[in-house]
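Working notes, structure below.
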Amino acid sequence: MTEFSRRNTLKLMTATLAAGASFSLLPRKVFAAGQITVLNWQGYGTDEAWSLKQFTEKTGISVVHDYYSSESEMLTKLRTNPGAYDLVVLNAARCAQAVAEDLLQPIDFSKVPNAATVDETLRGNPNFSKDGVGFAVPWVWGMTSLAIREGKPKPESYKALADATYKGRVAMDDDAIINVGIGALMTGQDMNDPQDLAAVTEALKSIKPNVKLLWSTEDQWNKSFAANEFDLSVFWSGGSVRSKRNSKLPVEFVVPKEGAVGWVDGLGIPATAPNPEGALAFANWLIDPAFYVEWATKVGAPASSNSAALNSLPADDLSRQVHNPEYLKTMSIMSALPDDRREAFNNVWQEVKAFYAE
Amino acid sequence: MQNDQLALAQTRGSVDPRVKRPLPAWVSTTALLLPTYGWLTIAIFLPLLTMLAFSFMSATPMGKTPVEFTLKQYRAFIDQPYLLRIGFNSLMMGFWTTLFCAILGFLAAVALVRATVGKTRETLLVLILLPFWTNGLVRVFSWTMVLRENGFLDNILHMVVPDAGSISILYTRYAVVLGLVHGYLPYMILTCYIALVTIDDAIIEAAASLGARWWTILYKILIPMAAPGLISGAVLIFIPVIGSFMEPRILGGRVGVTMGTVIEDQFTQAFNWPLGASLSFTLLAVVLAIFATFSGVLRGRTAG
């Protein structure tokens, strides 16, 4: 064995230092000039291969994706990875939160010509703007309500979730805000600010004998529905169109008399985006009728915010039927929640889940 | 400057090169330990300390919410008493998983050591490790295919007994424990194997020649001598199992709510990292308390 002399020790230390230095000198990730990174749910419109091909041919901009599996994960990614994303798909409720935290930059609508025909009520949604400045391009809207197996009686109220005829045949969305919203609608309260959370908790707990599973991804929902594990579920309007058209599942989307839980997704540009110009071009493409008609008819999509795009759909289109404008009258749109209310909603859902598990 | 160094080198060169002045012992000791402790600090202590610091905050320190020092996160078990039941269920889940792993793993290790030699044994050991090469998520999802109504098990049963009802156990606690036992069994087999393989055959032959039956050999020789393997296997399994969230979520359905899923929800859904961190540390404290209690008992047993 070699003795540890001064020279050997020095050699060792130099080697360690050199190794450390070479790690820190590794080349940083280089962003191509014509590239944008989009942060979105997987399989949610922006990552359709045919669309990206057409967009790249048109503009020369290539699109890469990163995905999130929950909206709070999206916010976490925006907060912790500055400079990583150019365009982010975010819900109206989360948009207000992101704007308040200075995570987004104002939108230059002159570079989004298609926005001219975007529904005024959606563009003016207070969650998307601050002091009259728009921070997101409204993209698509949709509903969360009930999905029922074809042939079963259509539920008229959310109270059907607790109906004994569906014993062990109900699937719930594992999302605190949606479930508290549905509990509030069941008990006749304002979905965004229920005054009696105890009543909401009781309403949700009353579903227990019926609850078979809690789903968290559309893929999981499809697999379990196909395996005939449940008949009635809290589900997304766009998801039901996709399940019916792509997976041929016998599912029907129903909006009961209390109205649907509505949502609007917008396209926002992070404050630290390396390529905001490219992101605006992609946002314009995403509300273009040419893109939307192909997306909605081939894959199934929620309703476009662009009325020109929605009107280009064929009259017998499944998505157009599901997104009946009649439903807009009873629909409550989810808005931004203050931190303490959000925490209270989360605690209600944790308590209900613990009760389900007993 | 350069001349000076040359001169220095010459004077040094004149000294016999084999005689080297040794450095003080602490310099080489420090230099040699630095990589290990540096790595431990960066990879383990810093993240743990960050989480410990988070657990005393009033809100996640990202974004604009003002952050204050508070102990309220540690009151969660008092403010939200349903967590106690979840915690108890998680501990029971850990207990049953560890128990089944211990029984099956020990028997498998005994079979490996006593009934196989050479190539066969090596092949079997590789086969035991093989499931580790596939993603855990894949293994858990394949269980859902087997266990669900009209799944693999149901179909086989209906081939034999067409009129039998469903024997599906998907979305029950049994399914969760089954998935966890499948995932963690190799740890127990390996730790027991290492302990058992060191037992001298002569001891067992001596016992047999003095008239000991197989159960006497098992309880008087094999289990006491393999106890260190059983204990380290149990520790390796129990700790990750009570914090597991993937298996309960996929196989447990409605009943799949554990401390692991509650903590995961705090990090991914509720964006309440402080609460998630405080729940983790509370769980860690409970686990340490359990092992502290039982380590005395176990040490007493092995010594006696």
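The values are calculated or read from the model by the stated rules, or taken from the named source; none is laboratory data. Computed from a predicted structure; not experimentally measured. Here the Cβ positions follow ideal geometry from the backbone for every residue, glycine too, while neighbour counts run over all protein chains shown.
Only one of A:K223, A:K248 is out of contact with any Lys or Arg (no Cβ under 7 Å at 6 or more places or on another chain), on the phi > 0 side of the Ramachandran plot and basic (K, R); which? From the options A:K223, A:K248, the qualifying one is A:K248. When each of B:T116, B:T97 is tested for being of a type in the set (V, I, T), surrounded by 13 or more Cβ atoms within 10 Å (Cβ to Cβ) and under 30 Å from B:G256 (Cβ atoms), the lone residue that passes is B:T97. Just to be sure, is A:E258 part of a loop (DSSP other than H, G, I, E, B) and not aliphatic (A, V, I, L, M)? Judged against the criteria, A:E258 is a match.
For the stretch B:81-101, check the following and say yes or no: at least one residue is within 11 Å of chain A (Cβ to nearest Cβ), under 28 Å from the mean Cα position of the chain (by Cα) and part of a loop (DSSP other than H, G, I, E, B). Yes - at least one qualifying residue is present in the stretch B:81-101.
Residues that are among the β-branched types (V, I, T) and under 20 Å from the mean Cα position of the chain (by Cα) were ranked within the stretch B:273-302; the one that is modelled with the lowest pLDDT is B:T293. Would you check if there is a residue in the stretch B:207-225 being under 16 Å from the mean Cα position of the chain (by Cα), more than 14 Å from chain A (Cβ to nearest Cβ) and either surrounded by 23 or more Cβ atoms within 10 Å (Cβ to Cβ) or in contact (Cβ under 8 Å) with a residue 24 or more places away in the chain (or both)? No, there is no match, as no residue in the stretch B:207-225 is under 16 Å from the mean Cα position of the chain (by Cα), more than 14 Å from chain A (Cβ to nearest Cβ) and either surrounded by 23 or more Cβ atoms within 10 Å (Cβ to Cβ) or in contact (Cβ under 8 Å) with a residue 24 or more places away in the chain (or both).
Only one entry of B:A59, B:A108 meets the criterion of being out of contact with any Gly (no Cβ under 6 Å at 6 or more places or on another chain) and at pLDDT 90 or above, and that entry is B:A108. In the condition set (1) of a type in the set (D, E); (2) away from every other protein chain (no Cβ under 14 Å); (3) over 22 Å from A:E294 (Cα atoms); (4) in a helix (DSSP H, G or I), A:D66 is compliant with all but (4). Within the stretch B:237-260, residues that are touching a residue at least 12 places away in the same chain (Cβ under 8 Å) reach partners that are among the acidic types (D, E) with beta carbons closer than 7 Å, at six or more positions or on different chains, in the pairs B:F245/B:E264.
Against the numbered list (1) under 26 Å from A:M334 (Cα atoms); (2) part of a helix (DSSP H, G or I); (3) away from every other protein chain (no Cβ under 11 Å), A:R79 comes up short only at (3). When A:A136, A:A147, A:A98 are checked against the criterion of being touching a residue at least 40 places away in the same chain (Cβ under 8 Å) and within 23 Å of A:R320 (Cβ to Cβ), a single residue qualifies: A:A147. Comparison of A:V112, A:V99 shows that the only residue that is over 13 Å from A:V254 (Cβ atoms) and within 14 Å of another protein chain (Cβ to nearest Cβ) is A:V99.
Going by what's in this entry, would A:G259 be described as at pLDDT below 85, out of contact with any Cys (no Cβ under 7 Å at 6 or more places or on another chain) and more than 14 Å from chain B (Cβ to nearest Cβ)? For A:G259, the condition - at pLDDT below 85, out of contact with any Cys (no Cβ under 7 Å at 6 or more places or on another chain) and more than 14 Å from chain B (Cβ to nearest Cβ) - is not met. With respect to the conditions (1) out of contact with any Pro (no Cβ under 6 Å at 6 or more places or on another chain); (2) away from chain A (no Cβ under 14 Å); (3) not in a loop (DSSP other than H, G, I, E, B), B:I128 falls short on a single one, namely (1).
When we screen A:A336, A:A309 for residues that are within 14 Å of another protein chain (Cβ to nearest Cβ) and of a type in the set (A, V, I, L, M), the only hit is A:A336.
Does the stretch A:99-108 contain at least one residue that is of a type outside the set (D, E, K, R), surrounded by fewer than 22 Cβ atoms within 10 Å (Cβ to Cβ) and at pLDDT below 90?
yes
When the residues of the stretch A:163-181 are filtered to those that are among the β-branched types (V, I, T) and out of contact with any Ser or Thr (no Cβ under 7 Å at 6 or more places or on another chain), the one that is surrounded by the fewest Cβ atoms within 10 Å (Cβ to Cβ) is A:T165.
Can you spot a residue in the stretch A:169-178 that is farther than 30 Å from B:L170 by Cα, among the acidic types (D, E) and in contact with a strand residue (DSSP E or B) (Cβ under 8 Å, 6 or more places away or on another chain)? No, the stretch A:169-178 contains no residue that is farther than 30 Å from B:L170 by Cα, among the acidic types (D, E) and in contact with a strand residue (DSSP E or B) (Cβ under 8 Å, 6 or more places away or on another chain).
The residues on offer are A:D219, A:D196, and the sole one that is of a type in the set (D, E), surrounded by fewer than 18 Cβ atoms within 10 Å (Cβ to Cβ) and away from chain B (no Cβ under 14 Å) is A:D196.
The single residue among A:A147, A:A184, A:A160 that is assigned to a helix (DSSP H, G or I), at pLDDT 90 or above, in the same structural domain as A:F225 (by TED's automatic domain parsing) and crowded, with 24+ Cβ neighbours inside 10 Å turns out to be A:A184. So in the stretch B:255-289, with the set limited to residues that are part of a helix (DSSP H, G or I), crowded, with 22+ Cβ neighbours inside 10 Å and touching a strand residue (DSSP E or B) at 6+ places or on another chain (Cβ under 9 Å), which one is farthest from the other protein chains (Cβ to nearest Cβ)? That would be B:A277. Taken residue by residue, the stretch B:237-248 has at least one member that is away from every other protein chain (no Cβ under 14 Å), assigned to a helix (DSSP H, G or I) and over 30 Å from A:W349 (Cβ atoms).
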